[in-house]
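K.L.:
What follows is a structure written as structure tokens; I'll ask about it next.
The values are calculated or read from the model by the stated rules, or taken from the named source; none is laboratory data. Worth saying up front: this structure is predicted, and the values here are computed from it rather than measured. Neighbour counts run over all protein chains shown; Cβ positions are idealised from the backbone, glycine included.
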Amino acid sequence: MNIDVVIIGSGIAGGFLSRQLKLTCPDLEVLVLEASEKIADYKVGESTVEVSSSYMIRRLGLSTYLYQHQLPKNGLRFFFDSEAKDLPITEMSEMGSDHLPFHPSFQLERASLERDLVTMNRDIGITVELGAKVVDLTIDPSGPHTVVWERGGERHEVKARWVCDTSGRRHVLGRKLGHKVTKEARLETGAAWGRYRSVAGLDAVDAPEAAAWRARVRNTSRHLSTNHFMYDGYWIWFIPLAGDLMSVGVVFDKARIADGPRTREEMEAFVNRHRATRDLFAGAVFEDFQAYAHLPYHSHTSPYYSASERWAKIGEAGSFTDPFYSPGSDFIAMANELVTGVILADRAGDASGASELCALANDFYKLKYELSLALYVKQYPTFGSFDVFRLKYRLDFHNYYNLVYWPFLADKLTRPEWLKEELRFADVQLRAVNAFGAHLADMATALARRGEYHALNRGGWLNGLDGVAQLQPMLGPVLDEAYRKAQLERVYANVFLEIVERTLEVSGLAGRQRLLSELSLAVILALKQIDETSLSRMLQRVAGRLTNELRSQFPEAGIERVMLEVDPPRTAGMPRTDGARRVRVAVSGPTGDPAARVLERAKALWDEAERPTPTPSA
């Protein structure tokens, strides 16, 4: 029996890939081999974000199914607690949305979705064999591969041009090829989670202040969000699923949390140590439990895809980073898009095109892994502070929309020229994410040292969509390279100034056009550290520009220089006032009446507010 593509595993990675291949090229013969006789087990990875949701809707034609059988998602939502972990949820500071997001996403009950995918995929001509355990596999670069599978003691053999491994952490293909799976040492995280019934959820919160709490988000459903309860070194999730299920889990940095849960009893006890999650968890009826002692890993020492040998490792068959921003299904969508492009080029007889795209796909996928990992390395200590995380989320959200989601919407992933251009800036992207991770970690340390880490964790509210309100309507099939790069420059500069303010206790830096105009990403990365020296260098740059500008406006005033002088740092033992230092403007040279006018103009230029980035239509 000869098959074009054999796919090992019928989870969402394999079910989605087989569906994309068949819908894109109906005459492809696709065989899916699933070891389980029945798809009944609940799986982690229920929450999706924009890339995977767009993929399911646009590539797989699952829009009607998703809205009829799964839950729409009301974005990501974050809650911040007191140091004592004793705040009711209505008093916790919160980041989220007050309406369903502009771009859709979903909460997936994976077992039912994967069962339904088998039926839907068979309906379009895909052969799906359940209870089919792959027991032998021969990869033959010069001819068809051989896949041997067994069911009920009976062995079957199939020849295939392509073999795609979507078997998850079983790594069927990688093990056969001798590919090393490397346990990620840069991020030491573990997780424990379960599914429960009869969890009333966030919309059922009953407290005297609940009406005002609901009104704060315009009575949108918090229940439908991926809800994160944020702490120093760990986070707890509550994710609703169709069929009266609630997924509840804990992800923890093992270097930070020595007693992270490993068993069901430990996980439930851990959740119940916190007032807000204990209140939500009351009355929960246990359904199932799972845990991973270690989450992130990769197989970078070998390719993820091979055009010459015609195989691919997709999803957790190749790598995994962290579940915090729900990236797992995004990685599947991107990998499937890349692999489909390579397989179709190969089928068309374009060997050089398949080889080029495959090489770029490997580099691009590794870049996305590294960028995703950088979002979490040394960041778990920042999670418990609303003050710190509001800045991290704004930056991460912009990076996601500009660097991940928008290119996907614009169908750029299988275009070699675009991939080459994106990869040229891989080093800058990685340096930026890592540098800002270090700045945020230093900010958290500074706040903790001053006793301010939890200072804003009570009663705060931030609409997480506000920061990308200008960008959201732009997202679509046309990728405006200049606009997205301008947006990234803008958000990096703004976040940098806010980190400087909080780390060095200086007020009035963020939102100033004169500072922002000096802070290109290249300049920021050159500063290396946030300290008094880097602050002085920034102010000197601005002062030099102001000096030249004022000299041109007041040529007869005898201006020597403009000075931007910041109040001295507070020293040990100095009594606290409002904790803020200010930048003062001075001008040397002019005397008499011109001096007053020059100084007034200098202050006006310094006080100029940020000018928003114009949209292309403007």
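K.L.:
Looking only at region 256-282, which residues are modelled with pLDDT of 95 or more and part of a loop (DSSP other than H, G, I, E, B)?
P.N.:
Answer for region 256-282, where residues must be modelled with pLDDT of 95 or more and part of a loop (DSSP other than H, G, I, E, B): Arg256, Ile257, Gly260, Pro261, Arg262, Thr263, Asn272, Arg273, His274, Ala282.
Every residue, every condition in (1) of a type in the set (A, V, I, L, M); (2) assigned by TED's automatic domain parsing to the domain that holds Tyr401; (3) assigned to a strand (DSSP E or B); (4) more than 26 Å from the chain's Cα centre (by Cα), yes or no:
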position: Tyr65; (1), (2), (3), (4): no, no, no, no
position: Arg77; (1), (2), (3), (4): no, yes, yes, no
position: Ser82; (1), (2), (3), (4): no, yes, no, no
position: Asp86; (1), (2), (3), (4): no, yes, no, yes
position: Glu94; (1), (2), (3), (4): no, yes, yes, no
position: His99; (1), (2), (3), (4): no, yes, no, no
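K.L.:
Determine whether Leu497 is assigned to a loop (DSSP other than H, G, I, E, B) and modelled with pLDDT of 95 or more. Please lay out each step first, then the result.
P.N.:
Numbers: assigned to a loop (DSSP other than H, G, I, E, B): no; modelled with pLDDT of 95 or more: yes.
In short, no.
K.L.:
Identify the single condition in (1) under 30 Å from Ser355 (Cα atoms); (2) at pLDDT 95 or above that Gly451 does not satisfy, given that it satisfies every other one.
P.N.:
Condition not satisfied by Gly451: (1).
K.L.:
Tell me which of these Pro590 doesn't satisfy, since it passes every other one: (1) buried (at least 18 other Cβ atoms within 10 Å of the Cβ); (2) under 41 Å from the mean Cα position of the chain (by Cα); (3) more than 21 Å from Met443 (Cα to Cα).
P.N.:
(2)
K.L.:
Over 19 Å from the mean Cα position of the chain (by Cα), over 26 Å from Leu187 (Cβ atoms), of a type in the set (A, V, I, L, M) and assigned to a helix (DSSP H, G or I), is that true of Ala361? Before the answer, list the steps.
P.N.:
Numbers: over 19 Å from the mean Cα position of the chain (by Cα): yes; over 26 Å from Leu187 (Cβ atoms): no; of a type in the set (A, V, I, L, M): yes; assigned to a helix (DSSP H, G or I): yes.
Answer is no for this residue.
The rows are residues; the columns are (1) buried (at least 20 other Cβ atoms within 10 Å of the Cβ); (2) closer than 20 Å to Gln529 by Cα; (3) of a type in the set (S, T, N, Q).
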position	(1), (2), (3)
Asp387	yes, yes, no
Phe408	yes, no, no
Arg424	no, no, no
Leu430	no, yes, no
Glu452	no, no, no
Gly459	no, no, no
Gln472	no, no, yes
Pro477	no, no, no
Asp480	no, no, no
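K.L.:
Can I ask one more? Run down Arg195, Arg218, Arg264 and say which single residue is exposed (fewer than 13 other Cβ atoms within 10 Å of the Cβ), touching a residue at least 60 places away in the same chain (Cβ under 8 Å) and not acidic (Asp, Glu).
P.N.:
Criteria check complete, one pass: Arg218.
K.L.:
If you don't mind, there's one more thing I want to ask. Which residues, taken from region 311-334, are farther than 20 Å from Val181 by Cα and out of contact with any Leu (no Cβ under 9 Å at 6 or more places or on another chain)?
P.N.:
Asp330, Ala333
K.L.:
I need every pair where a residue in region 430-443 that is under 16 Å from Glu489 (Cβ atoms) has its Cβ under 9 Å from the Cβ of a residue that is of a type in the set (D, E, K, R) and part of a helix (DSSP H, G or I), sequence separation at least 6 or different chains.
P.N.:
Matching pairs, first to second residue: Val433/Glu370; Val433/Asp396; Phe436/Lys392.
K.L.:
Still on this structure, please answer the following. Before we move on, is Ile314 in contact with a Phe, Trp or Tyr (Cβ under 9 Å, 6 or more places away or on another chain), within 30 Å of Ser355 (Cβ to Cβ) and modelled with pLDDT of 95 or more?
P.N.:
Answer is yes for this residue.
K.L.:
Here is a follow-up. Which of (1) touching an Asp or Glu at 6+ places or on another chain (Cβ under 8 Å); (2) among the hydroxyl-bearing types (Ser, Thr, Tyr); (3) surrounded by fewer than 18 Cβ atoms within 10 Å (Cβ to Cβ) is the odd one out, the single condition Thr189 does not satisfy?
P.N.:
(3)
K.L.:
Now, a different point. Would you say Gly249 is small (Gly, Ala, Ser), in the same structural domain as His274 (by TED's automatic domain parsing) and in a loop (DSSP other than H, G, I, E, B)?
P.N.:
Values: small (Gly, Ala, Ser): yes; in the same structural domain as His274 (by TED's automatic domain parsing): yes; in a loop (DSSP other than H, G, I, E, B): no.
No; evaluated as a whole, the condition is false for this residue.
K.L.:
Another question about this same structure. From Gly61, Gly153, Gly125, grab the single residue that is surrounded by fewer than 21 Cβ atoms within 10 Å (Cβ to Cβ), over 27 Å from Lys22 (Cβ atoms) and not assigned by TED's automatic domain parsing to the domain that holds Gly384.
P.N.:
Matching residue, one of Gly61, Gly153, Gly125: Gly153.
K.L.:
A further question follows. Can you tell me which of Lys22, Lys38, Lys43 is of a type in the set (Lys, Arg) and closer than 30 Å to His398 by Cα?
P.N.:
It is Lys43.
K.L.:
Looking at Ala276, Ala307, Ala333 in this structure, which one is under 22 Å from Met230 (Cβ atoms) and in contact (Cβ under 8 Å) with a residue 24 or more places away in the chain? Don't jump to the end; show me each part of the working.
P.N.:
Numbers: Ala307 fails: under 22 Å from Met230 (Cβ atoms); Ala333 fails: under 22 Å from Met230 (Cβ atoms).
Exactly one residue qualifies, and that residue is Ala276.
K.L.:
Given the structure, is Ser352 farther than 24 Å from Trp406 by Cα and either modelled with pLDDT under 95 or in a helix (DSSP H, G or I) (or both)? Please lay out each step first, then the result.
P.N.:
Details: farther than 24 Å from Trp406 by Cα: yes; either modelled with pLDDT under 95 or in a helix (DSSP H, G or I) (or both): yes.
In short, yes.
K.L.:
Restricting the search to region 502-522, which residues are under 25 Å from the mean Cα position of the chain (by Cα), assigned to a helix (DSSP H, G or I) and of a type outside the set (Ser, Thr, Tyr)?
P.N.:
Those that are under 25 Å from the mean Cα position of the chain (by Cα), assigned to a helix (DSSP H, G or I) and of a type outside the set (Ser, Thr, Tyr): Arg502, Leu521, Ala522.
K.L.:
Follow-up. Pick out the one residue from Asp288, Asp203 that is surrounded by fewer than 19 Cβ atoms within 10 Å (Cβ to Cβ), of a type in the set (D, E, K, R), over 25 Å from Pro101 (Cβ atoms) and outside the structural domain of Val49 (by TED's automatic domain parsing). Steps first, please.
P.N.:
Values: Asp203 fails: over 25 Å from Pro101 (Cβ atoms).
Answer to the check: Asp288.
K.L.:
Listed residues Asp98, Asp136, Asp140, Asp116; which is free of Cβ contacts under 8 Å to residues at least 12 places away in the same chain and either surrounded by fewer than 19 Cβ atoms within 10 Å (Cβ to Cβ) or under 30 Å from Tyr393 (Cα atoms) (or both)?
P.N.:
Asp140
K.L.:
What residue, of Ile8, Ile12, Ile39, is in contact with a Cys (Cβ under 8 Å, 6 or more places away or on another chain) and either surrounded by fewer than 21 Cβ atoms within 10 Å (Cβ to Cβ) or closer than 18 Å to Asp165 by Cβ (or both)? Spell out the reasoning first.
P.N.:
On the way: Ile12 fails: in contact with a Cys (Cβ under 8 Å, 6 or more places away or on another chain); Ile39 fails: in contact with a Cys (Cβ under 8 Å, 6 or more places away or on another chain).
Ile8 is the lone residue from the list that is in contact with a Cys (Cβ under 8 Å, 6 or more places away or on another chain) and either surrounded by fewer than 21 Cβ atoms within 10 Å (Cβ to Cβ) or closer than 18 Å to Asp165 by Cβ (or both).
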